[in-house]
1. Please name which of A:Ser67, A:Pro106, A:Trp46 has its Cα lying farthest along the dipole of the range A:28-119 towards the positive end, using unit charges on Cβ (Lys, Arg +1; Asp, Glu -1) and the Cα centre as origin.
2. Which is farthest toward the positive dipole end of the range B:82-214 among B:Thr115, B:Ala206, B:Ala192, measuring Cα position about the Cα centre, with Cβ charges +1 (Lys, Arg) and -1 (Asp, Glu)?
3. Counting other beta carbons within 10 Å of each Cβ, put A:Thr65, B:Thr155, B:Thr83, A:Thr109 in order, fewest first.
4. For every other residue with a beta carbon closer than 14 angstrom to the beta carbon of B:Leu149, add +1 if it is Lys or Arg and -1 if Asp or Glu, then tell me the sum.
5. Please go through the range A:41-97 and write out the GluC sites (Glu not before Pro) that DSSP classes as loop and that have at most 13 other C-beta atoms within 10 Å.
6. Starting from the Cα of A:Asn145, step 7 Å toward the Cβ, then list every residue of the range A:2-20 with an amide N under 18 Å from that point.
7. Could I have the simple spin-label model distance between A:Glu218 and A:Arg157, label points 7 Å from Cα toward Cβ, reported in nm to one decimal?
8. Can you tell me the Rg and the Dmax, both Å, for the Cα atoms in the range A:138-219?
Amino acid sequence: MNGAQDLGGMMGFGPVNPEPNEPPFHGDWEKRALAVTLACGALGEWNLDASRHARETLPPPEYLTSSYYEIWTKGLVKLLAARGLVTPGELEAGRSLAPPRSTAKPPVTADRVAPMLARGGPCDREPAGPARFAVGDRVRTKVMNPTGHTRLPRYARGKAGVVESVHGAFVFPDKNAHGFGENPQWLYGVRFEGAELWGEGADPTVLVSVDCWEPYLEPVA
Amino acid sequence: MSHDHSHDHHHHHDHDGSELSETALRVRALESILTEKGLIDPAALDVMIETYETRIGPRNGARVVAKAWADPAYAERLRRDATAAIAELGYGGRQGEHMVAVWNTPEEHNMVVCTLCSCYPWPVLGLPPVWYKSAPYRSRAVIDPRGVLAEFGVTLPEATRIKVWDSTAEVRYLVIPMRPAGAEGWSEERLADLVTRDSMIGTGLALRPEEVRP
């Protein structure tokens with residue numbers, strides 16, 4: 001979706017402000033926000049793509065004025081409410097008002113954290129068929145404006161580039177985010193010239209590589 | 001760390017402190033309700049926090065880079081299969097399941113961004129800094145990387161190509177900065193002192209030997 005998360009090429013946000021010797025967290029609430037988000041994710045009630053979509057569906061004014069852990073927390077509240085795990089009434093009351101239902105996976109316990117983080121969530125899958133493109137192929141990204149989740153940024157739609165790597169078949173976020181299954185698709189690293197993306201006045205020394213799933217791409221003759 | 005301090009670094013927009021504390025209260029309420037329901041275990045949360053505060057950070061990535069500088073056979077394995085080569089040093093897992101290492105050269109400088117969210121190679125760099133997740137960096141890294149680099153104090157030769165990697169999928173990129181001159185014969189552990197977090201994102205360069213204490 002064309003939400004506020006899709007920031008590439010926007011202007012007016014001002015300079016980047018790196019904080020010297022930045023700590024991992026700014027305040028205890030950020031620590032708990034991260035950990036609650038990871039622990040809830042481990043319940044298996046939604047996938048990574050769904051959680052990204054929950055964040056990017058925040059209204060643009062809200063997204064752009066929220067800190068990153070605020071965005072995470074707001075996304076988590078939506079996911080928990082949509083699955084009936086924590087209702088808005090419970091959040092308002094600050095306590096549980098109904099017994100929990102069983103979840104797809106059991107709650108993660110302290111002893112299971114290290115193995116869980118070490119395993120991660122690999123997203124490569126067996127391909128359903130052969131790759132359509134090879135390294136060196138010229139491709140063009142589709143012009144598309146899906147209302148659901150996608151990982152093709154606006155600045156890279158309808159642009160010609162060159163396949164520079166074939167990563168393998170990966171879970172397709174555009175389907176997976178909406179509960180339509182993993183639908184693995186070939187994933188390619190596609191290189192674009194700065195001038196192709198940004199036109200006149202673009203820095204001629206800039207190249208941008210975007211990872212693109214096969215359904216985003218068309219061949220260029 | 002006071003709320004005011006965190007406010008300063010989190011909000012580039014006109015927020016007041018009350019909203020921050022509102023979110024903090026919401027997080028507390030969520031944790032409390034979920035704990036009451038038995039859906040989360042606060043002890044598990046503590047372990048997660050401790051892991052990312054103390055065990056997983058950019059020193060991991062620095063060791064990978066230092067080894068790649070010092071050991072050509074390792075560098076070759078890192079080029080072929082970065083996930084496996086990084087796992088040799090004991091690093092991997094969440095947000096580092098599919099790693100690719102990209103090498104800076106005098107001709108080409110690499111820089112990593114996630115314009116769509118905050119994708120970042122956690123096992124080698126830790127959690128991303130606020131600026132990496134912020135609108136200024138995400139919006140400009142792909143259209144004006146040279147301008148962004150200038151804000152980090154990095155000026156590259158005009159002819160150097162800048163290759164920006166937008167992390168749109170689950171592949172995570174680690175920049176291997178150029179090895180500075182003057183550190184010949186250094187041990188890997190000492191070389192790792194030259195490798196900053198930003199140099200592995202591509203918004204910095206490796207330190208010169210004279211920039212670190214002997």
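1. It is A:Pro106.
2. About the Cα centre, the residue reaching furthest to the positive side is B:Thr115.
3. Values: A:Thr65 17, B:Thr155 10, B:Thr83 20, A:Thr109 13.
Ranking A:Thr65, B:Thr155, B:Thr83, A:Thr109 by Cβ neighbours within 10 Å, fewest first, gives B:Thr155, A:Thr109, A:Thr65, B:Thr83.
4. On the way: positive: B:Arg140, B:Arg146, B:Arg161, B:Lys163; negative: A:Asp203, B:Glu108, B:Asp144, B:Glu151, B:Glu158, B:Asp198.
In short, -2.
5. Numbers: sites: A:Glu45, A:Glu56, A:Glu62, A:Glu70, A:Glu90, A:Glu92; in loops: A:Glu45.
Answer in residue order: no site qualifies.
6. In the range A:2-20, the label zone of A:Asn145 (backbone N under 18 Å from the point 7 Å along Cα→Cβ) covers A:2-10.
7. Taking the two extended label points, one gets 1.4 nm.
8. Just the Cα atoms of the range A:138-219 yield Rg and Dmax of 13.2, 42 Å.
Only the coordinates and a few stated rules stand behind these numbers; no lab work does. Values in this document were obtained by computation on a predicted structure and should not be read as measured data. Neighbour counts run over all protein chains shown; Cβ positions are idealised from the backbone, glycine included.
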